[in-house]
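This report concerns only the one structure given below.
The values are calculated or read from the model by the stated rules, or taken from the named source; none is laboratory data. Remember, predicted model here, so these are calculated numbers, not experimental data. Neighbour counts run over all protein chains shown; Cβ positions are idealised from the backbone, glycine included.
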Amino acid sequence: MDELPEAGEVARLRSPAQVEALLARTDVASAPVEWWEVLLSVCNTGLVSTESGAADGREWGAAFVRALDRARETGALKPEQTLPRKLTAQAAILHYFGASAEDPVRDPERMFAGFLDDIGVSRDALLRERDELRAKLAARPGDPALLPEAVRMSRLKDALGSLGTIAGHIADPSLRREAEEWSALAARPA
């Protein structure tokens with residue numbers, strides 16, 4: 001197997017197929033965070049190119065979501081680092097290409113199921129975590145040791161905001177209601 005391409009080479013990838021081939025390699029697990037950030041930037045640019053008429057935006061969106069999942073799977077990025085970007089990308093895919101239960105990239109129910117897997121906790125557990133963090137911040141204002149928890153909660157709140165767009169495309173009423181209840185957590189004070 002060839003050596004894993006450097007970040008500069010990754011920045012020059014020009015097709016979703018090239019990204020998918022790269023993601024299929026086992027040695028991506030050793031790639032540093034900076035390498036992943038370059039790859040994610042390339043994929044995001046590909047998805048956004050839909051705005052200017054690029055024909056392969058759906059494939060770029062699929063590659064972007066796959067790259068975010070692989071970055072999380074390898075441990076390069078934490079779930080709270082990938083989840084807001086993933087849901088934003090998925091909301092963009094729905095905006096550009098519409099929802100379709102027949103297309104796994106455009107299926108809002110599958111997106112919501114993926115969100116539940118990624119978040120890994122119940123709504124009540126997330127609310128408890130938020131309330132505990134709020135109490136710690138009140139008791140120890142300005143404590144830099146609390147910054148990682150506060151950043152995590154802020155990123156999860158961003159993800160929940162994007163979930164609202166996805167929820168609006170879910171056909172099943174009970175599943176849509178559940179997704180909307182999750183998304184409503186974004187509007188609650190931090």
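Can you list the helices (runs of 4 or more DSSP H) lying wholly within segment 89-190 that have 1 or more residues being more than 21 Å from L68 (Cβ to Cβ)? It would help to see each step written out before you state the result.
On the way: elements: 108-119, 123-139, 147-167, 173-184.
Output list reads 123-139, 147-167, 173-184.
Collect the residues in segment 16-47 that are charged (D, E, K, R), part of a helix (DSSP H, G or I) and without any contact (Cβ under 8 Å) to a residue 40 or more places away in the chain, keeping them in residue-number order.
From segment 16-47, those charged (D, E, K, R) are 20, 25, 27, 34, 37; that's our starting set.
Of the ones still in play, those that are also part of a helix (DSSP H, G or I) are 20, 27, 34, 37.
Correct list: D27, E34, E37.
What is the residue count in segment 16-53 for residues that are crowded, with 19+ Cβ neighbours inside 10 Å, closer than 16 Å to G75 by Cβ and either at pLDDT below 95 or over 18 Å from the mean Cα position of the chain (by Cα) (or both)?
2
So which pairs qualify, if the first residue must be in segment 110-131 and more than 13 Å from L185 (Cβ to Cβ), the second must be modelled with pLDDT of 95 or more and charged (D, E, K, R), the Cβ gap must be under 8 Å, and the two must be at least 6 apart or on different chains?
From segment 110-131, the pairs are F112/E178; G114/K86; D118/R72; D118/K86.
Test of understanding: among L13, L77, L4, which residue is surrounded by 15 or more Cβ atoms within 10 Å (Cβ to Cβ), at pLDDT below 95, not in a helix (DSSP H, G or I) and not aromatic (F, W, Y)?
None of the others qualify; the one that does is L4.
Scanning segment 54-81 for residues that are over 18 Å from D117 (Cβ atoms) and among the acidic types (D, E), which turns out nearest to the chain's Cα centre (by Cα)?
E59
If you go through segment 31-48 one residue at a time, how many are closer than 20 Å to L87 by Cβ and either touching a Cys at 6+ places or on another chain (Cβ under 7 Å) or not β-branched (V, I, T) (or both)? Give the derivation first.
Within segment 31-48, the subset closer than 20 Å to L87 by Cβ is 36-37, 39-48.
The next check asks that each one be either touching a Cys at 6+ places or on another chain (Cβ under 7 Å) or not β-branched (V, I, T) (or both); those that pass are 36-37, 39-41, 43-44, 46-47.
The qualifying residues number 9.
Table: residues versus (1) of a type in the set (D, E, K, R); (2) farther than 19 Å from R123 by Cα; (3) buried (at least 18 other Cβ atoms within 10 Å of the Cβ).
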| site | (1), (2), (3) |
| --- | --- |
| P141 | no, yes, no |
| P144 | no, yes, no |
| E149 | yes, no, no |
| R152 | yes, no, no |
| L156 | no, no, yes |
| I166 | no, no, yes |
| A171 | no, yes, no |
| R176 | yes, no, yes |
